[in-house]
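K.L.:
Here it is, the structure, as structure tokens.
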Amino acid sequence: MIITPEGIEFKDLKAFSRFIYDNDLIGVIQLLEPLKDKTGNILIKEQVNIKEGALKKLETIEGQYEPTFKIRITNDLLNKMREKIASSILPRIESSKVEFTKYLYDNNSSSLGNYKNFIQNALYKPWIVLYIYDLRYRNLDFFYYIVDMALLTLGIVIQRSYSFRFVNRYAFLVGLLSDILLSETEYWKKPIGTEGELRYLCSLSASVATKFYLPEQITQPILNQVISGIFAENSEPIDMELVKKNPLFFMNIKPEEGSEEEDEFKVDCIQVVTESQKISRFVMECYKKIEDKEDLCKKLLMMLTYNVSKGILNFEIADPVIKRFKEYEKIVKKIRKIAELENQCLYPPSAWAYPKPHATQILCKNRVFGCKHFLAGWDINIISAQSAFGYVEVLV
């Protein structure tokens with residue numbers, strides 16, 4: 001399957017036939033150009049629904065024609081492909097490695113219930129349908145990685161009701177596209193090493209989203225999802241020149257007729273989606289660093305609660321998420337108390353509750369001996385904020 005500015009094409013009959021049967025396209029799919037044999041006779045006309053008999057005939061005369069099949073992009077074709085993609089995404093809510101996501105959907109109190117229809121509607125741009133469909137077949141593991149991010153971002157947004165148009169669509173697409181440029185690499189399997197790397201990666205992804213005529217409600221959250229202090233030490237540096245060789249950089253997409261309607265709530269919508277994606281990014285990066293996956297939801301919830309209480313992540317967006325985990329109410333209160341005590345520090349960010357998450361003391365990392373709260377004791381060397389991933393240090 002080859003994606004072109006005009007649509008998609010196949011250079012092999014078997015791949016073309018498999019595409020048709022996998023997506024139930026008999027009587028739906030059409031060619032953009034006529035298929036001719038080597039003498040110039042037309043075997044299949046353009047813009048005519050292809051029937052099963054025509055495919056069977058092509059199998060019997062293989063070698064008598066050039067197997068180049070340029071597909072005409074129609075609404076019926078796109079709808080079939082959307083349905084196929086959505087059908088493969090929906091089970092991920094239950095089987096996602098990030099159990100945190102499943103918890104949000106199981107305990108969702110919003111009116112959004114038919115997730116399959118919503119996911120299909122979110123794939124409203126033809127190029128997204130074509131590229132994501134192709135990616136699903138070429139790199140299934142990466143496909144599931146970006147789907148996990150998309151479902152998590154959406155799961156965060158749906159914990160509250162908003163009056164903004166398409167806010168759920170935008171949230172899903174921001175999560176889906178934020179790391180899309182890592183598809184031809186292995187970098188997505190590891191935590192991102194520096195703030196600069198994430199910032200540059202987000203700028204590249206946002207530029208591609210702009211190139212494909214996506215609205216600011218998508219491009220701005222992709223660009224602005226960076227959180228200071230969540231990055232891993234000794235992570236393999238990302239070769240951005242390799243990232244920029246991704247085929248997305250070289251796709252020429254024709255602008256569609258019409259344009260996005262101006263939304264009076266655009267600024268508010270951008271803020272909600274951006275803050276939701278920041279939380280999603282935080283959870284996903286922490287997940288990559290946690291080696292022991294036992295009690296994963298509890299660990300992620302404690303890290304999230306702490307950083308929300310410290311003011312690093314948005315309270316209004318995150319608090320409804322935290323409240324979904326009712327069985328962990330006691331530990332949530334404890335983590336919030338730890339953050340509250342640290343925030344009372346007269347010389348921030350000196351105060352550091354230790355050891356987290358079950359802290360028994362507040363240590364002064366910067367040894368401010370003149371502080372009125374300082375009590376002398378044994379010296380303890382504190383690990384860095386980067387090593388204590390998930391518990392981000394507030395820099396002032």
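K.L.:
So how much slack lies between residue 361 and residue 33, counting 0.36 nm per residue of separation and subtracting their Cα-Cα distance, in nm?
P.N.:
110.7 nm
K.L.:
Could you compute the net charge surrounding residue 160? Neighbours are other residues with a C-beta less than 15 Å from the C-beta of residue 160; K and R count +1, D and E count -1.
P.N.:
With Lys, Arg at +1 and Asp, Glu at -1, the neighbours total -2.
K.L.:
If you don't mind, another one. Rounded if a/c is under 1.5, else prolate if a/b is larger than b/c, else oblate: which is segment 178-283, with a ≥ b ≥ c the root eigenvalues of its Cα gyration tensor?
P.N.:
In terms of gyration-tensor shape, oblate.
K.L.:
Still on this structure, I have one more. Report the one residue of 187, 301, 166 whose Cα lies farthest in the direction of the positive end of the charge dipole of the chain (charges on C-beta: Lys and Arg +1, Asp and Glu -1; origin at the Cα centre).
P.N.:
The listed residue farthest towards the positive side: 301.
K.L.:
Next question. Suppose the chain between residue 12 and residue 189 were pulled fully straight at 0.36 nm per residue; how much longer would it get relative to their current alpha carbon spacing?
P.N.:
Here the answer is 60.5 nm.
K.L.:
Now a separate question. Figure the gain on full extension for residue 138 and residue 333 (residue separation times 0.36 nm, minus the Cα-Cα span) and round it to one decimal in nm.
P.N.:
65.7 nm
K.L.:
Specify whether the C-alpha gyration tensor of segment 182-242 places it in the rounded, prolate or oblate class, a ≥ b ≥ c being the square roots of the eigenvalues: rounded for a/c under 1.5, otherwise prolate if a/b is larger than b/c and oblate if not.
P.N.:
Oblate, because a/c is 1.5 or more while a/b does not exceed b/c.
K.L.:
Which residues' amide hydrogens lie under 5 Å from the amide hydrogen of residue 8, considering only partners 5 or more residues apart or on another chain, with H built in the peptide plane?
P.N.:
Excluding prolines and chain starts, which carry no amide H, the hits are 71.
K.L.:
For segment 180-193, what does the Karplus curve 6.51 cos²θ - 1.76 cosθ + 1.60, with θ = phi - 60°, yield as ³J(HN,Hα) per residue in whole Hz, taken in order and with x for Gly and Pro?
P.N.:
Calculated HN-Hα couplings, in order: 4, 6, 8, 4, 9, 10, 10, 5, 5, 7, 10, x, 6, x Hz.
K.L.:
Which value, in debye to the nearest 20, describes the size of the charge dipole of the chain about its Cα centre when Lys and Arg Cβ atoms bear +1, Asp and Glu Cβ atoms bear -1, and nothing else is charged?
P.N.:
780 debye
K.L.:
Taking H placed 1.01 Å from N in the peptide plane, check which residues at least 5 places from residue 184 or on another chain put their amide H under 5 Å from its amide H.
P.N.:
Residues meeting the criterion, in which the H sits 1.01 Å from N, do not exist here.
K.L.:
On a straight-distance basis, which aspartates and glutamates could pair with residue 333 in a cross-link, Cα separation under 13 angstrom, same-chain partners fewer than 8 positions away excluded?
P.N.:
List returned: 319.
K.L.:
Kindly state, to the nearest 0.05, the FRET efficiency for residue 244 paired with residue 49, given R0 = 45 Å and r defined as their beta-carbon distance.
P.N.:
Working from the Cβ atoms, E equals 0.65.
K.L.:
What's the FRET efficiency of residue 256 with residue 293 using the Cβ-Cβ distance as r and R₀ = 41 Å, to the nearest 0.05?
P.N.:
The value I calculate is 0.45.
K.L.:
What value, in deg cm²/dmol to 500, does the helix sum -39500 (n - 2.57) over DSSP H runs of n ≥ 4 give at 222 nm once divided by the residues of the chain?
P.N.:
Taken over the chain, the calculation gives -14500 deg cm²/dmol.
K.L.:
How big is the charge dipole of segment 1-71 about its Cα centre, in debye rounded to the nearest 20, if each Lys and Arg gets +1 on its Cβ and each Asp and Glu gets -1 on its Cβ?
P.N.:
The dipole magnitude comes to about 160 debye.
K.L.:
Turning to a different aspect of this structure: Note down the net charge around residue 116, summing +1 for each Lys or Arg and -1 for each Asp or Glu among other residues with Cβ under 15 Å from its Cβ.
P.N.:
Residues close to residue 116 contribute a combined charge of +3.
K.L.:
Select from 142, 157, 60 the residue farthest towards the positive end of the dipole of the chain; place +1 on Cβ of Lys and Arg, -1 on Cβ of Asp and Glu, and compute about the Cα centre.
P.N.:
Towards the positive end, the residue furthest out is 157.
K.L.:
Now a separate question. What residue among 19, 43, 3 has its Cα farthest toward the positive end of the dipole of segment 2-73, where the charges are +1 on Lys, Arg and -1 on Asp, Glu, each on the Cβ?
P.N.:
Value computed over the given set: 43.
K.L.:
Between rounded, prolate and oblate, where does the chain land on the alpha carbon gyration tensor, with a ≥ b ≥ c its root eigenvalues, rounded for a/c under 1.5, else prolate if a/b exceeds b/c?
P.N.:
Because a/c hits 1.5 or more and a/b exceeds b/c, the chain counts as prolate.
K.L.:
With respect to the cross-link table entries 14/36; 70/244; 330/356; 102/266; 38/80; 266/323, which display a Cα-Cα separation exceeding 24 Å?
P.N.:
Cα-Cα > 24 Å for 70/244; 102/266; 38/80; 266/323; rest within.
K.L.:
Whose amide H sits under 5 Å from the amide H of residue 44, counting only residues 5 or more places off or on another chain, with H placed in the peptide plane?
P.N.:
35
Coordinate-derived values only; no laboratory data. The shown structure was predicted, so the numbers you read here are calculated from the model rather than taken from an experiment. Backbone-built Cβ (ideal geometry, glycine too); neighbour counts: all protein chains shown.
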